Every structure is written in structure tokens, then in C-alpha cells.
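Take a look at the structure below.
The values are calculated or read from the model by the stated rules, or taken from the named source; none is laboratory data. As the structure is a computational prediction, the values presented were derived from the model and not from experiment. For neighbour counting, all protein chains shown are included, and Cβ atoms are generated from backbone atoms with ideal geometry for every residue, glycine included. Only protein heavy atoms, including side chains, enter the accessible area calculation; ligands, DNA and RNA are left aside. Shrake-Rupley method; radii C 1.70, N 1.55, O 1.52, S 1.80 Å.
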Amino acid sequence: MGPRLQAEHDLAAAGLDAIAQHLDNDNRRLTGRGDDRALVFALRDEKGRAVGAAAGYSWAGIAELTLMWVDEAYRGLGHGRKLLDAFVAEAAARGSLRIWVSTHDFQAPGLYEKAGFERMAELTGWPEGHSNIILCKTLAGNAQATFSSSGFSGG
């Protein structure tokens with residue numbers, strides 16, 4: 001009997017992490033790049049509770065910011081920019097050529113654009129009535145290569 005398909009919508013995080021590890025191992029093998037590392041900064045209040053985070057990873061010459069959040073009580077005080085700047089600085093220190101981020105039109109595209117990220121794509125209807133915006137920041141000091149909406153050009 002072969003494998004069977006079943007719905008597991010409440011799969012525990014540990015189970016999903018184990019599956020993601022298989023994918024990561026395949027990616028390392030297929031690209032020959034095993035330099036993937038988590039890249040996370042947390043903003044904590046005086047009691048040590050997380051009230052903000054910038055999280056993602058660096059791998060194979062890029063970084064991706066996959067989670068950016070600041071508690072509503074701490075918004076509008078520059079904490080988001082502080083988290084983003086720390087993420088960008090660490091990605092640059094690791095030699096990343098570009099940083100990618102996806103955000104919705106009702107989240108923080110302006111924050112990323114003010115920090116030098118360029119819109120690469122806007123996917124309308126994600127979620128319905130809104131857009132998902134893909135942005136990229138090229139870290140010029142790390143490479144002579146650039147990426148534009150028309151494609152990659154090496155240097």
C-alpha cells in the first residue's frame with residue numbers, strides 16, 4: 001500500500017517544521033548552497049514581552065523578510081523602521097545581494113519604499129479587494145549586480 005492523502009489542517013508546528021527541513025535539505029543539495037540561517041530581531045517591552053519583530057532568513061546571496069510586526073501600542077514611534085534597518089544591516093553583513101519582502105496594501109508598503117525597497121510586482125485580488133505587493137532592495141555595496149523589474153543584469 002502506498003502513501004495516503006489526508007487533511008491535517010491543525011498539523012503541529014513541529015510536524016510542519018520537520019517537513020520544511022526536508023525541503024530545505026533538498027534546496028541545499030540542488031543549489032550547492034548550505035548557508036541558510038535565520039535572521040530575526042525582536043523588540044521587547046520592559047517586561048520582556050515581544051512587542052515587535054522582523055524575521056526571515058538569509059540564503060544563497062539573498063535575504064527574505066517573511067514576518068514584520070509591531071504591537072499596535074508601539075506603532076508610529078519608529079520601531080518598525082528600527083527593526084527593518086537592523087534586518088537590512090544584518091543581511092548586508094552576511095553578504096546578501098538583495099532583500100525580498102511581500103506585504104499587503106493595507107500593511108506597510110510605504111515603510112519599505114521609504115527604506116529603499118522597490119516595487120517589483122503587485123498581485124491584485126490577494127486578498128479579495130486588496131493587493132499583495134512584492135518589493136526588493138538591492139544592497140549595492142555587496143555586489144555590482146543589480147536587479148530591476150526587467151530582469152537581472154550582472155556586473
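Observations on the model:
- Within the stretch 17-122, chymotrypsin sites (Phe, Trp or Tyr not before Pro) in DSSP loop having at most 14 other beta-carbon neighbours inside 10 Å: Phe106
- Rolling a 1.4 Å probe over the protein heavy atoms of the chain, with every protein chain left in place, gives an accessible area that is 54 percent carbon and sulfur.
- Rounded accessible area per residue of the chain, 1.4 Å, Å²: 64 Å²
- Sequence-distant residues sharing a close amide H with Leu39 (under 5 Å, placed H): Gly56, Tyr57, Ser58
- Straight-distance crosslink candidates among lysines, where the alpha carbon sits under 24 Å from Lys137 and sequence neighbours closer than 8 are dropped: Lys82, Lys114
- With an a/c value under 1.5 for the gyration tensor axes a ≥ b ≥ c computed over the alpha-carbon atoms, the chain is described as rounded.
- Dipole magnitude of the stretch 94-140, debye to nearest 20 (Cβ charges: Lys/Arg +1, Asp/Glu -1, about Cα centre): 340 debye
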